[in-house]
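Only one structure is covered here, and it is reproduced in the block below.
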Amino acid sequence: MEAEILAVGTEILLGDILNTNAQYLSKQLASLGIDVHFQTVVGDNEKRLTEAVNLAFSRADLIITSGGLGPTEDDLTKETCTRYFGEPLVEDQKAMEMMEEFFQGLKRTMTDNNKKQAMVPRGCTVMYNENGTAPGIIQEGKGKILMMFPGPPRELIPMFETYAKPYLAAKQDQIFVSRVLRISKVGESEVEHLLQDIIDRQTNPTIATYVKRFEVIIRLTAKAKNEQEANRLIDPVAEEIHERLGINLYAEGETSVAEVVSKMLLERKETIAVAESLTGGMVASALVDYPGISASFLEGAVTYSNEAKMRRLGVKEETLQKYGAVSAQTAAEMAIGIAKTSGAGIGLSTTGIAGPGGGSAEKPVGTVYLGLWYHGKVKTKLVPLVGNRERIRIRAMEAAFDWLRRTMLREEAPQGEEEKANG
């Protein structure tokens, strides 16, 4: 089956809204073994939308639309797209009742123009909306399938999962299952070199590597009759890759190194406190994002000025004068200070130059030092980074988490004053 995704909305064309629905739908269709060869965006214009639908059906078996199912005059998707099948619109009683209940819950009066949202093509499958007012629609005929979804992702995603996914899965003989492996500290070319023989002999599953933000992703995709069979094909390949990459492979699935570390802290019953200069609270914020982390995360301090570093963390004035705020020595004293004043077993610190100014020949923009107090032992790490201010700060945060992860796994035992790394 071949599909085309058709996003409807002038606001998308103007760049006011990011079309995340297309990304989500493409991933879902790929997992179902359905090829997506085209993604189209069309504005709220009846003539152009009709042309887009006719073109899409000339080259695809399935069209999935998002947007344009609302109550206003420029919401034209349903009225325009369903003309392809020639079925009249009729009122769906359940959709109407759900809409009335929705407005009653908001203590608002439902206006007459909302009622058109309950009108659906005769003979269609209605996808009822538990998170909004507009129902989705599945219409089939002439050897084609049309699926229409409301635009808001919070409505589209659960509707697709509940109705569309099982509907389409029933029409497929085989499915595609993907597993994502996440790699830190190793570049894409090095990963490919380490796995070249595995990549060369790939058949089913297939192996793809790519860079996503500050990590390397390996996607293993297997084609099989069902998910269980697909996972049986993926398991031995994933295991071999785990053995090759070792500690550099930090997780599987949709996660982050911050989430992995947070989970490790809780499982090991560790306590941690963080002192941040360069990252300005980003490390603490990432920890707080993890449910239940209060059992491990005691406190965070953003000590941006030298005065704050001395007053809050006990960093020595002579250290700052001799080595500077951006130094291994300052990072070490920050980590020691936050650990001792909080009573945490782990103290983690960040300091550096994010730019665009403030750099020098000795310490250019992107110079980052991390400090780690780990149960009585302190070490530091120089992480040279490149990029704009935001990129440097985010990368520094992730480098801090990855360093802590490796320390907890005992690959990098606390040692010495300074440890260099390829940022």
Quiz item: What do you reckon, how do Thr111, Thr82, Thr221 stack up by accessible area (1.4 Å probe), largest on top?
Solution: Thr111, Thr221, Thr82
Quiz item: Relative to the Cα centre, what is the charge dipole magnitude of region 225-291, using +1 at the beta carbon of each Lys and Arg, -1 at the beta carbon of each Asp and Glu, and rounding to the nearest 20 debye?
Solution: 160 debye
Quiz item: Ignoring ligands, DNA and RNA, what percent of the accessible area of the chain is carbon or sulfur (1.4 Å)?
Solution: 49 percent
Quiz item: Roughly what % of Cα-Cα distances in region 165-309 sit above 26 Å, to the whole percent?
Solution: 44 percent
Quiz item: Going by accessible area, probe 1.4 Å, with all protein chains left in place, what is the ranking of Phe38, Phe57, largest first?
Solution: Phe38, Phe57
Self-check item: Rounded accessible area of Tyr210 (nearest 10 Å², 1.4 Å probe)
Solution: 80 Å²
Quiz item: What nm distance separates the two modelled labels at Ser360 and Tyr210, each placed 7 Å from Cα along Cα→Cβ?
Solution: 4.3 nm
Quiz item: Taking the Cα atoms only, what angle lies between the long axis of helix 20-31 and the longest principal axis of the chain, rounded to 10 degrees?
Solution: 80 degrees
Quiz item: Ordering Cys124, Cys81 by how much accessible area each has at a 1.4 Å probe, largest first, what is the list?
Solution: Cys124, Cys81
Practice problem: State, to one decimal in nm, how far the label point of Asn54 lies from the label point of Lys115, with both points 7 Å from Cα in the Cβ direction. | Solution: 3.3 nm
Quiz prompt | Nearest-10 value in Å² for the accessible area of Lys94, using the 1.4 Å probe | solution = 100 Å²
Exercise. For Phe85 paired with Glu317, estimate the spin-label separation in nm (one decimal), with each label point 7 Å from Cα along the Cα-to-Cβ line.
Key: 7.9 nm
Quiz item: Which one of Ile198, Val216, Leu245 has its Cα pushed farthest toward the positive end of the charge dipole of region 186-335, where Lys and Arg give +1 and Asp and Glu give -1 at the Cβ?
Solution: Val216
Quiz item: Helix-derived [θ] at 222 nm for the chain: sum -39500 (n - 2.57) over DSSP H runs of at least 4, divide by residue count, nearest 500?
Solution: -11000 deg cm²/dmol
Exercise. Report the full-extension gain for the segment Gln202 to Ser285: residue separation times 0.36 nm, less the Cα-Cα distance, to one decimal in nm.
Key: 25.8 nm
Quiz item: So if R0 is 45 Å, what FRET efficiency would Lys377 and Lys94 give, r being the distance between their Cβ atoms, rounded to the nearest 0.05?
Solution: 0.10
Quiz item: Given a 1.4 Å probe and the protein chains all in place, what does the accessible area of Glu101 round to, in Å² to the nearest 10?
Solution: 120 Å²
Self-check item: P(r) of region 334-391 over all Cα-Cα pairs, binned every 5 Å from zero, in whole percent
Solution: 5, 20, 24, 15, 13, 13, 9, 1
Self-check item: the chain - accessible surface per residue (Å², probe 1.4 Å)
Solution: 48 Å²
Quiz prompt | P(r) tail fraction, the chain - alpha-carbon pairs more than 42 Å apart, % | solution = 35 percent
Quiz item: Over all pairs of distinct alpha carbons, what does the Kirkwood formula give as the hydrodynamic radius of region 95-250, in Å?
Solution: 19.2 Å
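The values are calculated or read from the model by the stated rules, or taken from the named source; none is laboratory data. Here the structure is a predicted model, which is why all the values come from computation and not from measurement. Glycine gets a Cβ as well: all are built from the backbone with ideal geometry, and neighbour counts include every protein chain shown. What goes into the accessible areas is simple: the full protein's heavy atoms, side chains included, and nothing from ligands, DNA or RNA. Shrake-Rupley method; radii C 1.70, N 1.55, O 1.52, S 1.80 Å.
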